[in-house]
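Trainee: Would you mind keeping the following structure in view while I ask a few things?
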Amino acid sequence: MVVCVCNAIRENDVRQAARNGATSACAAYRALGRRAKCGQCLSFARTIIDQERAAA
């Protein structure tokens, strides 16, 4: 599933960034070499990161 249309970031990308230590959406995007543009995706990205952190 696509999380961020502006940056073509997929859910698996955000999950992997979270597994590698990203604790926020902005940190995950930086880990992927991108940054949030319009901001519509940030809450969804945060949810994914929270899920990964809870599962760890």
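The values are calculated or read from the model by the stated rules, or taken from the named source; none is laboratory data. Everything numeric here is computed off the predicted structure, so don't read it as measured data. Heads up, the Cβs are rebuilt from the backbone with ideal geometry, glycines too, and the neighbour counts pull from every protein chain shown. Only protein heavy atoms, including side chains, enter the accessible area calculation; ligands, DNA and RNA are left aside. Shrake-Rupley method; radii C 1.70, N 1.55, O 1.52, S 1.80 Å.
Trainee: In the stretch 1-20, which residues are part of a helix (DSSP H, G or I) and either among the small types (G, A, S) or surrounded by fewer than 16 Cβ atoms within 10 Å (Cβ to Cβ) (or both)?
Mentor: E11, N12, Q16, A17, A18, R19
Trainee: Take the stretch 26-40 and flag every residue that is of a type in the set (K, R) and in a helix (DSSP H, G or I).
Mentor: Of everything in the stretch 26-40, just one residue is of a type in the set (K, R) and in a helix (DSSP H, G or I), namely R30.
Trainee: Report the residue count in the stretch 28-54 for those that are open to solvent by less than 40 Å² (accessible area, probe 1.4 Å) and under 8 Å from the mean Cα position of the chain (by Cα).
Mentor: Total meeting the criteria: 6.
Trainee: Out of curiosity, is T23 modelled with pLDDT of 95 or more and in a loop (DSSP other than H, G, I, E, B)?
Mentor: yes
Trainee: So which residues in the stretch 41-56 are in contact with a strand residue (DSSP E or B) (Cβ under 8 Å, 6 or more places away or on another chain) and either free of Cβ contacts under 8 Å to residues at least 40 places away in the same chain or in a loop (DSSP other than H, G, I, E, B) (or both), if there are any at all?
Mentor: C41
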